[in-house]
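The structure appears below as structure tokens.
The values are calculated or read from the model by the stated rules, or taken from the named source; none is laboratory data. Since we're looking at a predicted model, the values are computed, not measured. No Cβ is skipped: glycine too gets one built from the backbone with ideal geometry, and neighbour counts run over all protein chains shown. The accessibility values were calculated without ligands, DNA or RNA, using every heavy atom of the protein model including side chains. Shrake-Rupley method; radii C 1.70, N 1.55, O 1.52, S 1.80 Å.
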Amino acid sequence: MERPISEAYFQEAKRHIPGGVSSPVRAFKAVGGTPPFLVRGEGAYVWDADGNRYLDYVMSWGPLILGHAHPEVVARVKEVAEKGLTFGAPHPLEVALAKKVKRAYPGVDLVRFVSTGTEATMSAIRLARGYTGRKYVVKFRGNYHGHADGLLVEAGSGALTFGVPSSAGVPEEYAKLTLVLEYNDPEGLRALLRARGEEVAAIIFEPVVGNAGVLLPTEDFLKALHEAKEYGVLLIADEVMTGFRLAFGGATERLGLKPDLVTLGKILGGGLPAAAYGGRREIMEKVAPLGPVYQAGTLSGNPLAMAAGLATLEILEENPGYYRYLEDLGAKLEAGLREVLSQKGVPHAVNRMGSMLTVFFTEGPVVTFQDAKRTDTELFKRFFHGLLDRGVYWPPSNFEAAFLSVAHTEVEVEKTLDAMGEAL
């Protein structure tokens, strides 16, 4: 596919925006080449400024579970927009969406809306510290929780060492308040808790990892997470990606989790910027104006995002069969991928849960972030561009999840598998 208009836009953008993009992965640094500048979406497809059509598996990185420009969602946003874009004041749709979140997550008593997943996780951690009076937080290598300073941290040289910054601009002193362990290493977690559990305010985790590629939790790892409660540690389930995607109640419902706090985003906003954190009443009542933990946002709970999110969640709740449909379609795509890759003699592992999926170009299984890092990223680059040139828009990084929507059908899956066979 030729993309001269996108190329011109990209060169122009780089003169005015760092790297030409508003979020780094969009620059195609991991795969090279020019990102298509997308101007329209409908159902499972997007179109770029050059008029090329692509079958989309990025789906705005997860929010569009109903597909692009779902008519009911768009109609609801238009209706609300005509009455005012934002007020910086309470709005009835905030209450309606909060009630919907509570129905999906019975363990959540109170919900606070914010605008981004980063705000949600940052605020949940501040709240956990304020509630427990402790300062240390545990995260897992390969789990991404947004770009707040305390979460842009990598593991130190040993299992129980302090974290070190993974971004310039993060003070070492702050990074040391984050302890980094391996995901799916229950014994490592238990050892840390025995040594320092009473110093830890919270453990934040992706129940199903999407930002190292898809990684699925082991049963023993989930058990070890819940054992942390014995030390007074709060569990923060980061469901910004998995919330309302793996089930109406997200990974919490699907995996039977018992988190103290949950962070939500992406699907919650129905394609517009919205996120939230919520949890037990006695914890959430520490948030201002009820308590001493401060957090605020001018556009938090704005009417447009609330309208899009509420419309999306209403459609999902009214159509519970959508989750079975996505499970079956995801299984078909997974099986087809395995067959094509095996026929071509390509070493691979395909990780999937529901409508989230990643292909790793390495011998499986892929259980930890260290396993994921074995993937052949050079092969992925060629694979990605082979798909893009055949009209399939796969995530431009081997460490990101691909997403299905209810707008995808078996026809799209067959098109994808044909394109993959040709690309490989």
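Computed quantities for the displayed model
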{"item": "Per-region count, segment 213-228, residues in a helix (DSSP H, G or I) and either open to solvent by 20 Å² or more (accessible area, probe 1.4 Å) or basic (Lys, Arg) (or both)", "result": "6"}
{"item": "Test: residue in segment 325-342 that is at pLDDT below 95, more than 23 Å from the chain's Cα centre (by Cα) and loosely packed, with under 15 Cβ neighbours inside 10 Å", "result": "no"}
{"item": "Restricting segment 94-110 to residues that are assigned to a helix (DSSP H, G or I) and in contact with a helix residue (DSSP H, G or I) (Cβ under 6 Å, 6 or more places away or on another chain), the residue that is least open to solvent (accessible area, probe 1.4 Å)", "result": "97"}
{"item": "Enumeration of residues in segment 345-371 that are surrounded by 18 or more Cβ atoms within 10 Å (Cβ to Cβ) and at positive phi", "result": "354"}
{"item": "Among residues of segment 378-403, those that are of a type outside the set (A, V, I, L, M, F, W, C) and open to solvent by 30 Å² or more (accessible area, probe 1.4 Å), counted", "result": "7"}
{"item": "Neighbours by Cβ (under 7 Å, 6+ apart or cross-chain): first from segment 211-233, within 22 Å of residue 135 (Cβ to Cβ); second part of a helix (DSSP H, G or I) and β-branched (Val, Ile, Thr)", "result": "232/132"}
{"item": "Exclusive hit being in contact with a His (Cβ under 8 Å, 6 or more places away or on another chain), buried (at least 18 other Cβ atoms within 10 Å of the Cβ) and at pLDDT 95 or above, set 260, 238", "result": "238"}
{"item": "Qualifying residue in segment 375-394 (condition: in a loop (DSSP other than H, G, I, E, B), farther than 30 Å from residue 315 by Cα and aliphatic (A, V, I, L, M))", "result": "no"}
{"item": "Which listed residue is open to solvent by 10 Å² or more (accessible area, probe 1.4 Å) and either without any contact (Cβ under 8 Å) to a residue 12 or more places away in the chain or among the hydroxyl-bearing types (Ser, Thr, Tyr) (or both), from 411, 406", "result": "411"}
{"item": "Among (1) assigned to a loop (DSSP other than H, G, I, E, B); (2) touching a residue at least 24 places away in the same chain (Cβ under 8 Å), the one test that residue 72 misses", "result": "(1)"}
{"item": "Counted residues, segment 40-86 - those being over 25 Å from residue 303 (Cα atoms), of a type in the set (Gly, Ala, Ser) and surrounded by 17 or more Cβ atoms within 10 Å (Cβ to Cβ)", "result": "2"}
{"item": "Neighbours by Cβ (under 8 Å, 6+ apart or cross-chain): first from segment 27-39, surrounded by 19 or more Cβ atoms within 10 Å (Cβ to Cβ); second hydroxyl-bearing (Ser, Thr, Tyr) and in a loop (DSSP other than H, G, I, E, B)", "result": "28/34; 31/397"}
{"item": "Residue check for residue 382: of a type in the set (D, E, K, R) and over 21 Å from the mean Cα position of the chain (by Cα)", "result": "yes"}
{"item": "Condition broken by residue 46, with the remaining ones in (1) outside any strand (DSSP E or B); (2) within 22 Å of the chain's Cα centre (by Cα) satisfied", "result": "(1)"}
{"item": "Filter result for residue 283 (in contact (Cβ under 8 Å) with a residue 60 or more places away in the chain, more than 13 Å from the chain's Cα centre (by Cα) and closer than 21 Å to residue 353 by Cα)", "result": "no"}
{"item": "Sole exception among (1) closer than 19 Å to residue 217 by Cβ; (2) not in a loop (DSSP other than H, G, I, E, B) for residue 366, by number", "result": "(2)"}
{"item": "Residue in segment 170-180 that is of a type in the set (S, T, N, Q) and buried (at least 24 other Cβ atoms within 10 Å of the Cβ) present", "result": "yes"}
{"item": "Hits in segment 260-274 (condition: more than 19 Å from residue 58 (Cα to Cα) and aliphatic (A, V, I, L, M))", "result": "261, 262"}
